[in-house]
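Everything below concerns the one structure shown next.
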Amino acid sequence: MKVLVIGSGGREHALVWKLAQSRRISQLFCLPGNAGTASLATNVNIPIHKYRQILEFAKDKRIDLTLVGPEAPLIAGLADLFRQNKLTVIGPSAKAARLEGSKVFAKKLMKKYAIPTAKFSVFKSLSKARAYARKQLYPLVIKADGQCLGKGVAVCRTYAKANEFLTKLMKNKLFGRAAARVIIEECLIGQEVSFMAVTDGTDFVTLLPSQDHKRARDGDRGSNTGGIGAYAPVPFLTDEMIKLIEKSIIAPTIAAMGKEGNPYQGILYPGLILTEKGPFVLEYNCRFGDPETQPLMQLLKTDLMDILTAIQRKAVGKLKITWKRGSAVCVILTAKGYPGKYVSGMEINIPENMNKLINIFLAGVKKQADKITAGSGRVLAVCARGETLEEAIKLVYSQIGKDVIHFKNMRYRKDIAQKGLEASLWKNLK
Ligand code: AMP
Ligand code: GLY
């Protein structure tokens with residue numbers, strides 16, 4: 001089969017790495033891809049937002065199956081365009097991708113179908129939003145309805161902060177139409193986990209749970225980032241809890257989407273928070289997580305093509321997914337300044353002949369002659385697999401530094417997966 005992966009991040013490098021091991025693929029393309037995917041697939045030099053050009057490419061090359069990595073093309077309707085042209089694509093329609101594209105859509109759906117989520121109200125008017133915020137208990141969470149490059153959510157400790165953020169969204173229109181509607185919701189407390197399921201619209205199979213690290217600094221301090229470290233599986237997520245998440249969140253979400261006339265096909269990834277009252281949905285994503293996909297692909301034993309074709313053939317009910325033993329940990333090396341204005345152009349050193357349990361998944365990396373250089377905030381992911389989480393953590397950090405993987409002024413968190421490690425040590429003591 002000829003397969004096309006759309007995207008250019010570390011997630012897509014990991015997906016392409018896994019797909020490149022499939023015997024079922026004769027030709028693999030990545031659009032636009034990056035320096036990492038270039039060594040495993042043919043990169044296609046078409047901008048990711050040129051949907052007509054992407055369609056023409058897929059038709060011209062007779063692509064059998066396309067997997068869409070990021071959310072933007074799905075929200076914009078790329079999957080619909082492909083299906084209208086009788087091309088197979090993995091990912092939800094624009095209507096179904098509203099689960100990620102519109103937080104108001106997602107919250108209303110959850111309320112209607114009693115899927116656990118924080119209590120909320122929706123506002124179109126700044127004065128009404130302010131009046132409401134004034135009467136609430138703090139902290140309080142404010143969210144823009146649409147996509148705001150990860151900057152549309154604020155957890156506010158005081159009314160002054162809430163008012164400042166509401167003003168930014170609704171008066172200064174920092175994110176334009178994306179904040180035409182604003183959600184104000186209660187602040188939940190608990191560990192956050194990423195939970196992904198593959199679904200054909202009727203049946204689903206869940207992937208190993210994982211945990212992302214969004215804050216820039218150790219101890220979950222500092223600014224929010226796109227995610228700078230992840231690990232899987234999550235030791236404190238018991239089998240009972242996983243069953244509860246499947247029953248109270250995944251199954252009813254897929255059923256609700258079908259009932260509302262927006263059947264959901266592809267990867268459904270709710271971001272969850274595990275509260276004292278059980279798991280709640282913070283948000284939905286309509287795709288694989290980045291960077292969670294990197295450790296997940298390291299652990300996945302099943303051919304990824306078997307998973308993708310099961311989705312396409314509506315055979316997820318018969319799909320069995322198997323995983324390698326142990327844990328995987330991924331640490332993202334970022335450029336100085338990220339998530340703000342960052343520096344670029346640093347030469348990256350990656351030793352040859354790395355340990356087989358290590359994978360480097362490139363994100364913002366440029367290749368010039370025989371040099372590779374940093375070209376974006378999240379530069380690359382160093383991933384390691386171990387028999388235990390502790391082993392994987394040790395291995396991954398042993399590969400980052402002066403004589404191993406490094407570049408000038410690189411930044412990274414030193415405590416990736418510690419929350420999981422603490423929980424697993426505690427579990428062993430019991
Ligand atoms: P979202 O884009 O909705 O996932 O929000 C981004 C981040 O804001 C989440 O990863 C949480 O850390 C935080 N957050 C969002 N909603 C809530 C909430 N209701 N309670 C506590 N934290 C939240
Ligand atoms: N890991 C966060 C995201 O993929 O949105």
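Structure summary
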item: Residue in the range 47-55 that is free of Cβ contacts under 8 Å to residues at least 24 places away in the same chain, surrounded by fewer than 23 Cβ atoms within 10 Å (Cβ to Cβ), touching a Ser or Thr at 6+ places or on another chain (Cβ under 9 Å) and of a type in the set (K, R) present; result: no
item: Residue in the range 189-196 that is buried (at least 21 other Cβ atoms within 10 Å of the Cβ), farther than 23 Å from S327 by Cα and among the aromatic types (F, W, Y) present; result: no
item: Residues within the range 140-173 that are touching a residue at least 24 places away in the same chain (Cβ under 8 Å) and over 24 Å from the mean Cα position of the chain (by Cα), tallied; result: 9
item: Selection from the range 370-390 of residues that are outside any strand (DSSP E or B) and more than 17 Å from K414 (Cβ to Cβ); result: D370, G375, S376, G377, E387, T388
item: Lone qualifier among L19, L81 - being farther than 15 Å from F288 by Cβ and either surrounded by 19 or more Cβ atoms within 10 Å (Cβ to Cβ) or in contact with a Phe, Trp or Tyr (Cβ under 9 Å, 6 or more places away or on another chain) (or both); result: L81
item: Some residue of the range 155-177 being within 16 Å of ligand 2 (Cβ to nearest atom) and among the hydrophobic types (A, V, I, L, M, F, W, C); result: no
item: Single match in K408, K367 (criterion: farther than 23 Å from M297 by Cα, assigned to a strand (DSSP E or B) and of a type in the set (D, E, K, R)); result: K367
item: Candidates A251, A232 - the one that is surrounded by fewer than 21 Cβ atoms within 10 Å (Cβ to Cβ) and either within 28 Å of R385 (Cβ to Cβ) or hydrophobic (A, V, I, L, M, F, W, C) (or both); result: A251
item: Condition check for L149: surrounded by 20 or more Cβ atoms within 10 Å (Cβ to Cβ) and touching a Phe, Trp or Tyr at 6+ places or on another chain (Cβ under 9 Å); result: no
item: Hits in the range 202-213 (condition: part of a loop (DSSP other than H, G, I, E, B) and out of contact with any Gly (no Cβ under 6 Å at 6 or more places or on another chain)); result: T202, L207, L208, P209
item: Pairs, first touching a residue at least 60 places away in the same chain (Cβ under 8 Å) in the range 111-137, second of a type in the set (G, A, S), C-beta under 8 Å, six or more apart; result: K112/A256; Y113/A255; Y113/A256; I115/S248; I115/A256; P116/S248; P116/G278; F123/A129
item: Criterion (within 16 Å of ligand 1 (Cβ to nearest atom) and in contact (Cβ under 8 Å) with a residue 40 or more places away in the chain) met by exactly one of G271, G266; result: G271
item: Search result, residues across the range 265-291 that are under 15 Å from L67 (Cα atoms), part of a loop (DSSP other than H, G, I, E, B) and more than 11 Å from ligand 2 (Cβ to nearest atom); result: Q265
item: Checking M170 against (1) closer than 22 Å to V104 by Cα; (2) among the aliphatic types (A, V, I, L, M); (3) away from ligand 1 (no atom under 13 Å from the Cβ); (4) surrounded by fewer than 21 Cβ atoms within 10 Å (Cβ to Cβ), the condition it does not meet; result: (4)
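Each reported figure results from applying straightforward, stated rules to the coordinates on display, with no laboratory input. On a predicted model such as this, the values are computed, not experimentally measured, just so you know. FYI the Cβ positions are ideal-geometry reconstructions off the backbone, even for glycines, and counts take in every protein chain you see.
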